[in-house]
Amino acid sequence: MKNAAQQPLVVRVLDNDQSVEARRDSVGDSQLGKVQGCDLELLDSYSRTVVSALERVSPAVVYIEVTKEIQGRRSSEAKGGGSGFIFTQDGYIFTNSHVVHGAREIKVSLSDGRTVTGRLVGEDEDTDLAVVQIWAPNIEPVKLGDSQALTAGQIVIAIGNPYGFQSTVTAGIISALGRSMRAQSGRLIDNVIQTDAALNPGNSGGPLLNSRGEVIGVNTAVILPAQGICLAVPINTAKSVAFALMRDGFVRRGWLGVAAQTISLRTRLARFHQISNSGAVLLIGIEPQSPAQGAGLREGDALVSINGQEVNSVDDLHRLMLTVKTDTESVVTAIRHSELVSIPVMPILK
C-alpha cells in the first residue's frame, strides 16, 4: 500500500474545452507546472476583471449619512447611513428610498475625502429608489448598463459601505432573474435581480456591476436569515424612475395590480400572431379587487403590448405605466393558451 507521499496527485482543468488529467506518477513536474499555471491564469483573469470594474466605478460610489427626527414624547435625532453612486455629471445620485426617507439633513462623502451637503430630489417607495443631488466639481459618474441583457450565472460585483466600511467590494454571480420582492410600501417590485455577492447593512443603494464595470442594478435588500440571497433593482427600472423623479420630484404611475416576470417569446409563436416581440410579460399573480382582476386578466396570460406599444419585459411594463392615462381605457394584448386576446382595462393612479 502506498503512503500519503506516494499517492498519485490528480489535477483536472479545462484546456480548450477538453478535460485534462495529470498524475504525478505519470507526468513530470514541468507538466504539473503547466496545469497549475492554467489555474493561476484563470484566477488572474478573474482578478483583473474585478479590479478593472472597481477602478472604473469606485470614484463615483459615495457614502450617505442621514439625520432624521424621531417623533415621540420628546423629539430626538437619529443618524443612519447607506450607499449611493453618481450617475450624471451634474451630481445626481442613486440610492434607496429607505436610506433617505424622512431625512432632515443629508451629508454625502465622496471617494476623494470631500463631504458635501445633499438635496433629496425625490423618492419612490414603491421601487425603494431615491435620487439625491450634490454640487461638487470634478466628479466622475458611472456608466449605466442594460439590465435586460443579463443572464443567470454571469459575474457581478457589488460596491458599498457596509457598517461604515467605505468602498467594500464583493463579487459573485447572478443567481436568478425575474424575482419579486415586497417594498416597504407593500407594493411588489417585479423583475428583481438575485445575486450571491455578499451585501450587509450599509450596502443599500450601492451599485451592482457587470464585468465591464457598467451598473446593472441598485443593491437594495438582503434576505435574512438566508445566506447568499441578495437583491437588486434592475437599472432599466431605475432609469425610468429617475427620469420621473428628476422631472417632477415624485413618480405618478398607473396601477394594474399584477405580479409579473419577463419571459422569452418563441419566434414561431410571434410569427404566427404577426407580432415582432422577442419577449413578453408573464402574469404570475393578480391582486384582489384590482383593475387587472376586474378586466378579466388571468394568471398565465403573457402580455405583449399595451395600446399598441410592445411589452418585451417587466421594465417595458413599468415604463409604460409611468405614461399611461388613468382616466381612459387601455387595451392590453396578451397571449392566452396560444391565442391572441385584447382586453380593455382602466389602470388607476397609485
Amide H proximity to VAL156 below 5 Å, modelled H, separation 5+ or other chain, gives GLY172, ILE173, ILE174
Where the centre of each part is set by its Cα atoms, how far does the stretch 67-92 sit from the stretch 267-305, in angstrom?
40 Å
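When a/c reaches 1.5 or more, the comparison of a/b and b/c decides; with that in mind, is the stretch 254-349 rounded, prolate or oblate per its Cα gyration tensor?
Working: a/c = 1.71, a/b = 1.52, b/c = 1.13.
The shape class here is prolate.
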Could you give the distance between the Cα centres of the stretch 50-65 and the stretch 125-156, to the whole Å?
11 Å
Calculated FRET efficiency, THR328 and ALA152, Cβ-Cβ r, R0 56 Å, to nearest 0.05?
0.90
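Grab the Cα-Cα distance for ILE348 and ARG266, subtract it from 0.36 nm times how many residues apart they are, and report the gain in nm with one decimal.
Values: separation 82, 0.36 × 82 = 29.52 nm, distance 3.18 nm.
Going from the current span to full extension adds 26.3 nm.
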In whole Hz, what ³J(HN,Hα) sequence does the stretch 299-314 give by Karplus (6.51, -1.76, 1.60; θ = phi - 60°), x for Gly and Pro?
4, x, 5, 10, 6, 10, 6, 10, 6, x, 9, 4, 10, 9, 7, 5
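Of the listed peptides 79-85, 297-303, what is their order by residue-averaged count of other C-beta atoms within 10 Å, with the highest listed first?
Ranking, from highest mean packing down: 79-85, 297-303.
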Once amide hydrogens are built 1.01 Å from N within the peptide plane, the residues lying 5 or more places from ALA198 or on another chain with amide H under 5 Å from its amide H are ALA171
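Taking only Cα atoms of the stretch 147-248, what ratio of Rg to Rh do you get with Rh as the Kirkwood inverse-distance radius?
Numbers: Rg = 13.0 Å, Rh = 13.7 Å.
Rounded to two decimals, Rg/Rh equals 0.95.
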How large is the convex hull of the C-alpha atoms of the stretch 59-134 per residue, in Å³?
80 Å³
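Report, in listed order, any pair from LYS68/LYS143; LYS239/LYS350; LYS325/LYS350 with a Cα-Cα distance greater than 22 Å. Can you show the working numbers first?
Values: LYS68/LYS143 31 Å; LYS239/LYS350 19 Å; LYS325/LYS350 12 Å.
Flagged as over cut-off: LYS68/LYS143.
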³J(HN,Hα) across the stretch 205-213 via Karplus (A = 6.51, B = -1.76, C = 1.60, θ = phi - 60°), whole Hz, x for Gly/Pro?
x, x, x, 10, 10, 8, 5, 8, x
Packing-wise, with mean Cβ within 10 Å as the measure, how do 280-286, 132-138 rank, highest first?
280-286, 132-138
Between VAL311 and residues 5 or more places away or on another chain, the pairs with built amide H atoms under 5 Å apart involve SER305, ILE306
Gain upon complete extension [ARG56, GLN289; 0.36 nm per residue less C-alpha separation]:
79.1 nm
Which residues among the stretch 59-79 fall inside the zone where the amide N is under 20 Å from a point 7 Å beyond the Cα of TRP135, along Cα→Cβ?
65
Quick one: which of 326-335, 146-155 comes out on top by average Cβ neighbours within 10 Å, and what's the full order, highest first?
326-335, 146-155
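Can you give the FRET efficiency for GLN274 and ARG182, using 1/(1 + (r/R0)^6), R0 = 25 Å, r = Cβ-Cβ distance, to the nearest 0.05?
Working: r = 38 Å, r/R0 = 1.51.
Calculated transfer efficiency: 0.10.
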Over the stretch 82-207, what is the relative contact order in percent, taking alpha-carbon pairs closer than 8 angstrom and at least six residues apart?
29 percent
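Values quoted throughout were computed directly from the atomic coordinates according to the rules given, and no laboratory measurement underlies them. Because the structure is predicted, anything quoted here is derived from the model rather than measured. Methodologically, a virtual Cβ is constructed for each residue, glycine included, from the backbone with ideal geometry; neighbour enumeration extends over all protein chains shown.
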